[in-house]
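The values are calculated or read from the model by the stated rules, or taken from the named source; none is laboratory data. Everything numeric in this text was worked out from a predicted model, so none of it was measured. Reconstructed Cβ throughout: ideal geometry from the backbone, glycine too, with neighbour counts over all protein chains shown.
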Ligand code: CP
């Protein structure tokens, strides 16, 4: 049965834990030719390094073939072809479509018109569910649980789609969120309402210092999303407002890990990279296993199939 992954909000706690189990299996053995004969299309209407390459690596390691584009300018969308027609065409050729698009809601729309599963690889400032699966996997691996954690979201909480998806996924696990951002980039009202409706604890700060960090299990740092600003003067004013330095980690909890969806610009200084709390490069590596799980799941391949393969 066709089942797209458009938003993390649709996934139950059981489904999330099931996908994490699948990711664990793929981490044990990433090369399994379980998608032999399948074709995965990657349609990237916006730039990407990690998401596209890890999805394509996942498809290749599972034995599928990959088609797609990284620049919509080389496609017939420049001649006026609509997203609907593009999706209809690609679904003639591929078994699953992984799509990143600059418009919020584009993945939902694609899933409604597509006869094959759509995986949302990021739609505007809205959602990035596959990133959330690898974030959850990273949190689970490092904390040995997803329950009752103090999670600090820092930076651009307005436009950062990864924090929006993470917040929704964590509703099952009784987190306490700390939203740390300048007022201009604060968590949008709709997500605060979501927290209230789902009994998610949150507090908002503007301070980011050693004392604040000392209470965190997870520091989730985000880049200020230059591409979403209409006023670049505004971007210049806020872009360097929070910069994590190694000297700020002296009182951090032993279990605390620093996550970042990457790319980093200036918000984590390079002296943090060698600190044992830094986990962002391993986090990106976990993307391969999480995305192997997602591709299999949307194609109806079960954990049992994977274990028995
Ligand atoms: N984290 C993330 O989405 O990175 P890319 O933009 O490089 O895919």
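Some notes on this structure:
- Within the stretch 248-277, the set of residues being surrounded by 19 or more Cβ atoms within 10 Å (Cβ to Cβ), away from the ligand (no atom under 16 Å from the Cβ) and not in a helix (DSSP H, G or I) comprises 252, 256, 257, 277.
- Selection from the stretch 71-93 of residues that are in a loop (DSSP other than H, G, I, E, B) and surrounded by 16 or more Cβ atoms within 10 Å (Cβ to Cβ): 75
- For the stretch 5-20, taking the residues that are loosely packed, with under 14 Cβ neighbours inside 10 Å and in a helix (DSSP H, G or I), the one that is modelled with the lowest pLDDT is identified as 10.
- Listed by first and then second residue, the pairs linking a residue in the stretch 106-126 that is touching a residue at least 40 places away in the same chain (Cβ under 8 Å) and closer than 11 Å to residue 87 by Cβ to a residue that is in a helix (DSSP H, G or I) and within 16 Å of the ligand (Cβ to nearest atom), with Cβ atoms under 8 Å apart and 6 or more places separating them unless they lie on different chains, are 118/107.
- Among the candidates 84, 65, residue that is touching a strand residue (DSSP E or B) at 6+ places or on another chain (Cβ under 6 Å), more than 16 Å from the ligand (Cβ to nearest atom) and farther than 29 Å from residue 222 by Cα: 65
- Assessment of the stretch 116-138 against the conditions (at pLDDT 95 or above, closer than 21 Å to residue 300 by Cα and surrounded by fewer than 23 Cβ atoms within 10 Å (Cβ to Cβ)) yields at least one matching residue.
- The stretch 163-180 - residue that is out of contact with any strand residue (DSSP E or B) (no Cβ under 6 Å at 6 or more places or on another chain) and without any contact (Cβ under 8 Å) to a residue 40 or more places away in the chain and, of those, nearest to residue 149 (Cα to Cα): 174
- Residue check: residue 221 meets all listed conditions (1) under 30 Å from residue 117 (Cβ atoms); (2) surrounded by 20 or more Cβ atoms within 10 Å (Cβ to Cβ); (3) within 16 Å of the ligand (Cβ to nearest atom) but one, namely (1).
- Some residue of the stretch 296-307 being within 22 Å of residue 145 (Cα to Cα) and touching a helix residue (DSSP H, G or I) at 6+ places or on another chain (Cβ under 6 Å): yes
- Under the condition of being surrounded by fewer than 24 Cβ atoms within 10 Å (Cβ to Cβ) and either touching a residue at least 60 places away in the same chain (Cβ under 8 Å) or within 14 Å of the ligand (Cβ to nearest atom) (or both), the residues counted in the stretch 95-105 number 3.
- Hits in the stretch 49-69 - residues which are in a loop (DSSP other than H, G, I, E, B) and either modelled with pLDDT under 95 or surrounded by fewer than 17 Cβ atoms within 10 Å (Cβ to Cβ) (or both): 49, 63
- Residue in the stretch 207-222 that is assigned to a strand (DSSP E or B) and farther than 19 Å from residue 128 by Cβ present: no
- Close pairs (9 angstrom Cβ cut-off, 6 or more residues apart or separate chains): over 13 Å from residue 128 (Cβ atoms) and without any contact (Cβ under 8 Å) to a residue 24 or more places away in the chain in the stretch 40-55, assigned to a strand (DSSP E or B) and within 8 Å of the ligand (Cβ to nearest atom) anywhere: 47/100
- Tally, over the stretch 30-56, of residues that are closer than 11 Å to residue 295 by Cβ, out of contact with any strand residue (DSSP E or B) (no Cβ under 8 Å at 6 or more places or on another chain) and within 16 Å of the ligand (Cβ to nearest atom): 1
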